[in-house]
1. Other chains' Cβ within 10 Å of B:8-15 residues: what's the mean?
2. Under a Cβ-only charge scheme (Lys and Arg +1, Asp and Glu -1), can you give me the dipole magnitude of the range A:58-158 about the Cα centre, in debye to the nearest 20?
3. Return the sequence-ordered ³J(HN,Hα) values of the range A:51-57 in whole Hz as given by the Karplus equation 6.51 cos²θ - 1.76 cosθ + 1.60 applied to θ = phi - 60°, using x for Gly and Pro.
4. Please give the helix B:9-34 orientation as an angle from the longest Cα principal axis of chain B, in degrees from 0 to 90, rounded to the nearest 10.
5. Once you charge only the Cβ atoms, +1 for Lys and Arg and -1 for Asp and Glu, what is the size of the charge dipole of the protein assembly as shown about its Cα centre, to the nearest 20 debye?
6. According to the square roots a ≥ b ≥ c of the eigenvalues of the Cα gyration tensor, what is the shape class of chain B, taking rounded for a/c under 1.5, prolate for a/b larger than b/c otherwise, and oblate for the remainder?
7. Can you show me the helix-derived [θ] at 222 nm for the protein assembly as shown, built from DSSP H runs with n ≥ 4 at -39,500 (n - 2.57) apiece and divided by the number of residues, rounded to the nearest 500.
8. Output ³J(HN,Hα) for the range A:95-111: one whole-Hz value per residue in order, computed from phi by the Karplus curve 6.51 cos²θ - 1.76 cosθ + 1.60 with θ = phi - 60°, and x for Gly and Pro.
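No value in this document is a laboratory result; all are computed from the given coordinates. Since the structure is predicted, the reported quantities are computational estimates derived from the model, not experimental observations. For neighbour counting, all protein chains shown are included, and Cβ atoms are generated from backbone atoms with ideal geometry for every residue, glycine included.
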Amino acid sequence: MAQQAEVPLQSLYEAHKKIYPREIGGRFTRLRMLSVVVLLGIYYIMPLVQWDGRQAILFDLPARKFYLFGLTLWPQDFIYLAALLILAGLSLFFFTALIGRVWCGYACPQTVWTEAYLWMERKIEGKRGSRMKLDKAPMSGAKFRTKLLKHTVWIAFSLWTGFTFVAYFTPIRELGNNLVTLSLGPWETFWILFYGFATYGNAGFMREQVCKYMCPYARFQSAMFDADTLIVAYHPERGEPRGSRRRGVEPQSVGLGDCIDCNVCVQVCPTGIDIRDGLQYECIACSACIDACDEIMDKMNYPRGLVRYTTENSAEGKKQHIVRPRILVYATILLTLCGLLLTNLAQRIPLDLDVIRDRNSLYRETRDGLIENVYTLKILNMDDQSHRYELRAEGIDGLRLQLDEPDIRVAAGSVAELVARIQADELNLEDRSVEVRFYLQALDANHLSVVEEARFVGPGRL
Amino acid sequence: MEEMKSISLTQQFISVLWPSFAMAIVASGVFFSAFDPRDLIPYNLDIDISPLAAYSIGFLLFWLLCILSSWGTLYFAISNCRLTARHNP
């Protein structure tokens, strides 16, 4: 670590200039705000939604169950969660190839929370100009009060965010009760503060730097791009040479293009780039510059679309393809996996049987001269109803199955353990160790049946 | 090579903490779906620990391990660059 001290200290990743995105209206901005409200709404309201008398989405850690509306997933079903994540990743590939970085511009939590924090900042500190002036001004009573108010509101919102996050793991009623009675557990408090602090830092301060320096997707999304991917682009042939002019002046008459070089597209950009420099990896395709430029074009009475959604091919006047091999390949993989996941989920049997052979003794001989093996059976009833079961065993001629408790009942969503003994005549054992199979069948539901294999150990042929 | 030397301390912190955080989430997910923390406490130890505490400590331990790994990578990457720079001035 001693070497690190020599490294010159600097701001986060580069000499970082704070970005003050200018407020903007327009159709894409409205769409983005709608997306922000809907997504944040889902996040904050979901823990309050009840389903079948319990929270609709809940990672119940003590019970080791994951409730997802009508579905209850057990640790054994982790594969479904993994498959769901792979599906999410693949859909990101598919949509990136088709419509570019819409995820970044409209749906990424980083964008969504940044927009929310920016909105609070605007409400308190005012428009872009006032915010810049306020930051430049020396500290005063008024500045201190404004900043204090902003951070208080931000921190309150962050804590609410952290509280909601923990409510996905501890039922929100219990958590709310604990909060009101000041009896939150140490770890609940820790995670509320941790998640709240992360939100405060990422959405309040780091903002576009997270996209530029910490996001892996921003680095590799270009691999999914081709000449037919939807991008936000400036039309240089139409815009150049740029230059200012009075309103109502025909561009050709002064030897200029349509761009009036007003810089509004740069001022609205949340990542602080100039879209006129071409496609850049910093661009999160939020399309704020499209709305900004359209507004200016309207004022100048020029046609809209100097900055617009387009594709490389259509910008160059070439033919545009929506269906292309890349899209077909991504779509095929996506649909296949989706189909597999859904069929598997539909055919999932909410019953599991674990057989553990008693490790203390290989076998013992009963008074009637039979060889006996002892097993511990774990029955997992993952259904939301209790069931009675019948247990059979096969694999050795004339084997006998003995249970301590022949009436097997397992309550909904619980595990029952029982001891089973298999006895067999030594003459019927073909080898030292033979395979036996346990068949478990629910008495009141035909489809609930499982088979589990185990070994039966004997003295072996002499 | 020059870029390696000018990595700021903050940048080093983030490049160690952030990927290890993401990997710790994956590791905890896989590990705890296979093992119930209640089964991991030895019988002869009388530890009363809430599930949330057990999962949290597990996650933080995974994070610590991943931090060590990330930090090792960063350390060798930087020091190797310095060595190469010294040999080829």
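1. 5
2. 820 debye
3. After applying 6.51 cos²θ - 1.76 cosθ + 1.60, I find 8, 6, x, 9, 5, 4, 10 Hz.
4. With both axes taken from Cα atoms, the answer is about 30 degrees.
5. The dipole of the protein assembly as shown has a size of about 3280 debye.
6. Prolate, since a/c reaches 1.5 and a/b exceeds b/c.
7. Result for the protein assembly as shown: -14000 deg cm²/dmol, rounded to the nearest 500.
8. Ordered by residue, 3J(HN,Hα) equals 5, 5, 4, 7, 10, x, 8, 4, 4, 4, x, 10, 10, 5, x, 4, 5 Hz.
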